[in-house]
Each structure stands twice: as C-alpha cells, then as structure tokens.
C-alpha cells in the first residue's frame, strides 16, 4: 500500500511539474553590441593625443555600456584631476547615455529628477561623452585635466571620432 502511494505521488509530481515546464515561455534573449578593448584603447590614446596637441596634460577613462572601466590612462606629472573623476564621468556617460554636460544641465534644472541621489557614482560637469554604435550606447569616454570641461569634452569627442568608422 505504501509503495503504491509513493509511486502514485511520484507520478503525479512528475506529471504536474512537466506540464508547467511545457507551458512556460522561453527566457527572453538580449543582444547588444560590445565595445572591444582594442577600440577602447585606440579611443583613449586619440583623446589623450588631442589634448596633448593643445598643451593639456589629461587623464582618460573608457568604460563599457555598464560603466565598468575598460581603459584608464593616468596623466604624467602632478596629479591634478585624478582618475576617479574620469572614471565617474565615463560611467555617467555610459549609463545615462548622454554627455555629462547634458546630464549636468538636466539635473540642475529646478524641480528636475536627479538620479545622482540614488547612484553616488554619477558625476556632473562636462568631459564625459557616450560612445554609440548607431543609436545604441556601447560605452562612455571621459577626459579630465584640461582647463575647462568643454576642452575635456572636445578631446573625448576626438577619441570617438578616431574610432567612429568602426562603430557599426
């Protein structure tokens, strides 16, 4: 009697769990483009070279689409703007999908929502720019150390311009 009850229970369990597995939707699949390490290094070097040509000694960070640093080049000489600033600006540009100058304008508007209240890694101030493949943001690049965020941003854009023909 006990054997048949155990067998019946096992059969019922297998039957009911099998039906729910057949009826379940498959897990969704997510695909996205990836910023390669080679392109990240090339963009960082181009950004640094653009600033150096103008006499600016800068640090550069390139981050992936989630804001994780892929490349960090710290400037020679006195510390000045540290690598933490460029890391946070690259993170902000990548995860917010806008330049840090635009992000700064958005959050400083009176009454505007400021996601920086909930994510301490977000940084304001110009110098970070998203890296896009078409409409998809695949990373961010940030420069720090030039005399003004507008100059930092111009160097970051120069870094993107160097690799933009391969961002498709």
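The values are calculated or read from the model by the stated rules, or taken from the named source; none is laboratory data. Computed from a predicted model, the values in this text were never measured in an experiment. Cβ: placed from backbone, ideal geometry, glycine included. Neighbour counts: every protein chain shown.
Values as computed for the structure displayed
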read-out: Condition broken by residue 68, with the remaining ones in (1) surrounded by fewer than 17 Cβ atoms within 10 Å (Cβ to Cβ); (2) over 20 Å from residue 96 (Cβ atoms); (3) modelled with pLDDT of 95 or more satisfied; value: (2)
read-out: Any helices (runs of 4 or more DSSP H) falling wholly within region 80-168 and containing at least 3 residues that are closer than 16 Å to residue 64 by Cα and modelled with pLDDT of 95 or more; value: 83-96, 149-163
read-out: Residues of region 89-147 classified as out of contact with any helix residue (DSSP H, G or I) (no Cβ under 9 Å at 6 or more places or on another chain), within 25 Å of residue 78 (Cβ to Cβ) and surrounded by fewer than 24 Cβ atoms within 10 Å (Cβ to Cβ), total; value: 1
read-out: Filtered residue count, region 39-64, keeping only those that are touching a strand residue (DSSP E or B) at 6+ places or on another chain (Cβ under 6 Å) and either without any contact (Cβ under 8 Å) to a residue 60 or more places away in the chain or not in a strand (DSSP E or B) (or both); value: 7
